Amino acid sequence: MSLMQDLFRESPFEPLRYHMKAVMDCVAFVKPMFEMVREGKHEELLELARKVFKAEHAADLIKADIRRTIPSRFFLPVYRGDLLGYVKLQDDMADSAEDIAVLLTIKKLALPDSLVEPAREYVDKIEGVCAQSQAIAEYLPTLVEGDMAGKEAAHALELVNALEKAEWEADRLQYSLSQKLFALEDVMKPTDIFLWFRVFGELGQLANFAEKTGDRLRRMLSN
């Protein structure tokens, strides 16, 4: 019996938790990569990027295993398509972390001093949004034990609401940071402005995918 089959026997959500841990292995490199850019340590940045690529591939393998193994003929407390959709959103998070690694290593970027603290605040917020998404994934088995109703469902919706608020706050930080970036257009190379704008946008996408896992859970609870 495969690992995924064992996990599905334990709970239909255990594989999602397992996959999310692999996804968060990717996300965990985002903040250190920014620190390497800030410190001008480009060789160390490339090494971190390679680790992101490896972690993303590991998450992909788990996703593929889940898709092959997810029960199609057995009773599930939720719609099978919602489980697959949830895994896809988690995988999108890992993809975004990989895309950030690619963007940060296309050329030797420098982060202007005036953007260091706003960027750090933004990255911290994104990291927090992802952590809240993981907290929801960790709660899913408890939700099943409560038949996806009652106080367990109410608590799950509270977690979802908190996740959505955090993602909204991340959007506001992204807007403010982008304004600060474009205010430097007279002193920065256009290519650098373009790349940083892409990086900040991809961070926003990472938070968006994390937030959508909560939206998917809300849909499961309403069915």
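Test of understanding: among R219, R172, which residue is touching an Asp or Glu at 6+ places or on another chain (Cβ under 8 Å) and among the charged types (D, E, K, R)?
Sole residue among the options that is touching an Asp or Glu at 6+ places or on another chain (Cβ under 8 Å) and among the charged types (D, E, K, R): R219.
I'm trying to understand the selection: among the residues of the range 157-210, which are among the small types (G, A, S) and in a helix (DSSP H, G or I)?
Initial filter on the range 157-210 (among the small types (G, A, S)): 162, 166, 170, 176, 178, 183, 201, 204, 207, 210.
A162, A166, A170, S176, S178, G201, G204, A207, A210 - these are the residues of the range 157-210 that are among the small types (G, A, S) and in a helix (DSSP H, G or I).
Give the residues of the range 158-170 that are touching a helix residue (DSSP H, G or I) at 6+ places or on another chain (Cβ under 7 Å) and within 25 Å of A22 (Cα to Cα), sorted by residue number.
The answer is L159, V160, A162, L163, E164, A166, E167, A170.
Condition first: aliphatic (A, V, I, L, M) and more than 18 Å from E127 (Cα to Cα). Now tell me which residues in the range 186-207 satisfy that. Even if it seems obvious, please write down each step before you answer.
To start, the set of residues in the range 186-207 that are aliphatic (A, V, I, L, M) comprises 187-188, 193, 195, 199, 203, 206-207.
Across the range 186-207, the qualifying residues are V187, M188, I193, L195.
Quick check on my filter: what residues within the range 100-156 are basic (K, R) and in a helix (DSSP H, G or I)?
R120, K125, K151, listed by residue number.
Need the failing condition index for I193 against (1) in contact with a Gly (Cβ under 6 Å, 6 or more places away or on another chain); (2) without any contact (Cβ under 8 Å) to a residue 24 or more places away in the chain; (3) among the aliphatic types (A, V, I, L, M), just the number.
For I193, the exception is condition (1).
With the checklist (1) within 16 Å of the chain's Cα centre (by Cα); (2) surrounded by fewer than 18 Cβ atoms within 10 Å (Cβ to Cβ) in hand, flag the one item L203 doesn't pass.
(2)
Taking the options A210, A183, name whichever one is under 18 Å from E121 (Cβ atoms) and crowded, with 21+ Cβ neighbours inside 10 Å.
A210
I'd like to know if the range 152-163 contains one or more residues that are at negative phi, modelled with pLDDT of 95 or more and buried (at least 17 other Cβ atoms within 10 Å of the Cβ).
Yes, the conditions are met somewhere in the range 152-163.
Search the range 77-92 for residues being within 10 Å of H19 (Cβ to Cβ) and at pLDDT 95 or above, and hand back the single one that is surrounded by the fewest Cβ atoms within 10 Å (Cβ to Cβ).
D91
Kindly indicate whether D82 is touching a residue at least 60 places away in the same chain (Cβ under 8 Å) and over 23 Å from P118 (Cβ atoms).
yes
Somewhere in the range 127-149, is a residue at positive phi and of a type outside the set (S, T, Y)? Steps first, answer last, please.
At the first step, the residues of the range 127-149 found to be at positive phi are 147-148.
Applying the additional criterion that residues be of a type outside the set (S, T, Y) yields 147-148.
Yes.
With (1) free of Cβ contacts under 8 Å to residues at least 40 places away in the same chain; (2) aromatic (F, W, Y); (3) closer than 17 Å to I100 by Cα as the list, and Y139 as the residue in question, which single condition is left unmet?
Of (1) free of Cβ contacts under 8 Å to residues at least 40 places away in the same chain; (2) aromatic (F, W, Y); (3) closer than 17 Å to I100 by Cα, only one is false for Y139: (3).
What number of residues within the range 9-30 satisfy the criterion of being in a helix (DSSP H, G or I) and within 13 Å of the chain's Cα centre (by Cα)?
10
The values are calculated or read from the model by the stated rules, or taken from the named source; none is laboratory data. Note that this is a predicted model, so its numbers are computed, not measured. Cβ atoms come from the backbone with ideal geometry, glycine included; neighbour counts cover every protein chain shown.
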